[in-house]
1. Going down the table (37/105; 749/854; 95/854; 381/484; 641/720; 23/641), which pairs top 21 Å between alpha carbons?
2. If you count only protein heavy atoms with a 1.4 Å probe, what accessible area per residue comes out for the chain, rounded to a whole Å²?
3. Under unit Cβ charges (Lys, Arg +1; Asp, Glu -1), what dipole magnitude, rounded to 20 debye, does the stretch 763-871 have relative to its Cα centre?
4. Hey, how many Å between the Cα centroid of the stretch 92-129 and the Cα centroid of the stretch 563-637?
5. Which percent of the accessible area of the stretch 767-847 is formed by carbon and sulfur heavy atoms (probe 1.4 angstrom)?
6. Output the relative contact order of the stretch 391-485, whole-number percent, from Cα pairs under 8 angstrom with separation of 6+ residues.
7. At q = 0.20 Å⁻¹, what log₁₀ I(q)/I(0) does a Debye calculation on the Cα points of the stretch 270-415 give, no solvent, two decimals?
8. Let me know the shape class of the stretch 1-138, please: from the alpha-carbon gyration tensor, a ≥ b ≥ c as square roots of the eigenvalues, rounded when a/c is under 1.5, otherwise prolate if a/b is greater than b/c, or oblate.
Amino acid sequence: MVREPAGSLEQRLAEEVLPLVGKPSRYLGTELNSVHKDPARTTLRAVLAFPDSYDLGLGNLGLQILYGILNSRPEIWCERVCAPHGDLEQVLRAKGLPLFSLESKRPLHAFDLVGFTLQWELTYTNLLNMLDLGGIPVLASERGDEHPIVVAGGPCSHNPEPLALFIDAFVIGDGEEVVLEVADAVAARGGREAVLDRLAALPGVYVPSRFPEPVLVGDWLTPAPGAPRVTKRVVRDLDAAPFQARQIVPFAEQIHDRVSIEVLRGCTHGCRFCQAGMVTRPVRERSLPTLARLQTEAMAATGYEEVSLVSLSTCDHSRARSLARQAVELATPDHITVSLPSLRLDSYSVDLSAQVGSARKSGLTFAPEAATDRLRAVINKPIGDEELLATADACYRRGFESIKLYFMIGLPTETDEDVLAIGDLATRVFRLGQSLNRRAKVNLGVSTFVPKPWTPFQWAAQIGGEETIRRQRLLRGVLPKAVKFGRHDAMASHLEGLIGRLDRRGGWLLYWAWQEGCRMDGWTELLDGDAWDRAIGRWESEFGVTVAQAQGERDLAQPLPWDHLDVLVDRDWLVNDWHRALAGECERDCRQEGCHRCGVIGAEPKACATMLATSRDGVAAEAELPSTRPPRWTEPDPIGKIRFRWRREGLARLTSHHEVLNVFIRAMRRAGVPMRYSEGFHPHASLSFVTALRVGMETEGDWCDVIVTEAMSPNEFVTKVDAELPEGFGITRAWAVPMETPALMATYKAARYVAHVPLDLAGDVPDSRAAELLAGDEVIVSRRGKDRDRIVFRPLNIRSMIRSLSMTTASDGSKMIAMELVPDAQDRLPKADEVVAALFRLDAEALARVGFRKLASYLVRGDSLEEPQPPTGGLVGGGS
């Protein structure tokens, strides 16, 4: 466990840690819409923790919503932290530094409240690692009044027992209302025990230490007789619920790099394997006016290129067609695309996708899950082959070139014939596509069934890893080579199912796996199966239970480890639905067929009644509404360019060129700059820079051109765009230039730099070393290049690129280097880090700690260097 005073941490991270890791922009905390407050004016410091990569965390809508709710209170400062990648953890542990929050770089142990979101069982070892690296005792029983309260919520909290050793309190259900109640309970202080007592008194909050110890019934620890039940929290009115339109816009590209609008919550299709569909009932919608307002606010606040209308099944919105039309009409004028990430397997979904238009770039995705009528009845997803083929036919005829199909193997009662049927059905879809379009593709995604708590299949057995691989090979053997076959890692599915249904003793399996070095288990290349096998062996020996027992079929007559929770769906109804599954009986959506008495209506009668009325009214309103094509946007002709000088400093220096490009495009979109966009289904703005700066270099002397379609005063441009840039970026000057002006990159190839080399890197190199270098004929460096597909390093003499060079010693013994660099006779461009490396013989890791700053960009004209100047005539859009 690492502990470090907070005072020196921020500077050490900026100078000694972040420059050494790959993709440092994950850890900057200065993204657009991130919240920074004066600590002296706050009474509660909270941090929301995502136990997986930042690249996934910022796309988590729940985290964004809770971040906005907590920070809406002036006295609360809520920050963020994500699981560190291996390179960051290695540097932190080597230097004895703790894991830190993104915004203030405060150690985790210095917060009052740490809140984890639990999205997937394979992130649990990350959670333990984050606690330890953040200076917080991993075991809740070892924490005292000086430690934060650790809370968790999210989908996996519906079986909290495997994490009960580590988490102080779990939030069950929707978080929008309870999150401030939790914050107030922690802010009242009075010591850890008093805080836990207050939390235990909140509806929807489970505090393990305030419950009787579970008792062994059969093979598993289950709730003690007479133990109270914790009923999940339900937000009844989504229109009135808080929503974060000002979502954080990361520098680093995300897995889901877009702004998300939740259009509805819940699902009543009744797929028997789907936990989300069971625990989020009843269905609640946002109205069209509310969604229009949220989308407008979110586009204005983020500048994203894509808006995603998210839910478990967006097509189930009662006004789905009107919603799609409204979203596209709002987005198109700003060159923003609309996506529907969750679609039903029917022609209606194809029609909606064609209406939004943007899906054409990547095709459509459907999830039949099973490929025989018998097995589809078992899982309660009665979609016939002919319906699937008709949907595929509609896709290909509407111009979609790719279809992705998701199936499962290992479902209850599955046989080899069911597995082989997946290959047959995928082949028929592929041949159908080829008959209509030779470019048609089918991508097949096959996961392994994992039984989840609070589903009718929670009692089902899970196939083991070896059987998973056998069935995967069986399927691969009957697929055409042209069908892309993606499958989940067998070990990952094995662990997900094992952990998900364990009792409290499962916490020790997690603890020992973490001690064995398990991290980032959800990333196939990082999953250490041998380490997990060692931890499992120890766990089986310690507790006398086996993996086979854990993954076998559960006894319907015995309680389950999570039975002390109440998700509103009755246990008896789940038992009966399990029997219906084994009998091959289907139940239609209750919004179409009537109430099935799952239990929700008894707890939430008004919400269920609203759901049914909304669905009925929506069907009537949509019945006569014709489908439409997305509006066609004709891009205006360009009238010229705006050339601007920009700066990058502080932590922002750690962004990549691609990230800088996104920063400026999104800032200009928010500022209303009339940028010229490319044609097609994924339009992009036309920006060109002088050069792609290396990560870690500050600049005050770089330039960029943006092509515009309307006149805009450069002064207005500077004022508006500068106001939209995140911390560390700025614009200092701008003017208009004609379209025919030569590109910056082809013109301004020379530059002036300064570099600061710390004392420990400078060593005893004298200032005269710079003059010695200039006096010679050769300065040989090793420059990276490519030879076909291979990375190679070739020697290069850069002496002719160094126009001037000087070195001085600062009062602390560090070195300041000033240089002017120009292209050589072959027009090869100079690099400032190569000059510094030659002066001090530094490797790449040492160079990452050198401070570089670009001061100016130049055109080489004879013996002189000229900076960009405004044109003397023909200005477009006003003066400079």
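The values are calculated or read from the model by the stated rules, or taken from the named source; none is laboratory data. In this text the structure is predicted, and so the values were computed from the model without any measurement. Neighbour counts run over all protein chains shown; Cβ positions are idealised from the backbone, glycine included. Heavy atoms of the whole protein, side chains included, go into the accessibility calculation; ligands, DNA and RNA do not. Shrake-Rupley method; radii C 1.70, N 1.55, O 1.52, S 1.80 Å.
1. Values: 37/105 13 Å; 749/854 13 Å; 95/854 30 Å; 381/484 24 Å; 641/720 17 Å; 23/641 32 Å.
Exceeds cut-off: 95/854; 381/484; 23/641.
2. Details: 34560 Å² over 880 residues.
Spelled out: the 1.4 Å probe surface of the chain, per residue, equals 39 Å².
3. Dipole about the Cα centre, nearest 20: 420 debye.
4. About 38 Å separates the Cα centre of the stretch 92-129 from the one of the stretch 563-637.
5. The C+S portion of the solvent-accessible surface of the stretch 767-847 is 48 percent.
6. Working: 120 pairs, mean separation 36.1, N = 95.
Value for the stretch 391-485: 38 percent.
7. Here the Debye-derived log intensity ratios amount to -1.26.
8. Rounded.
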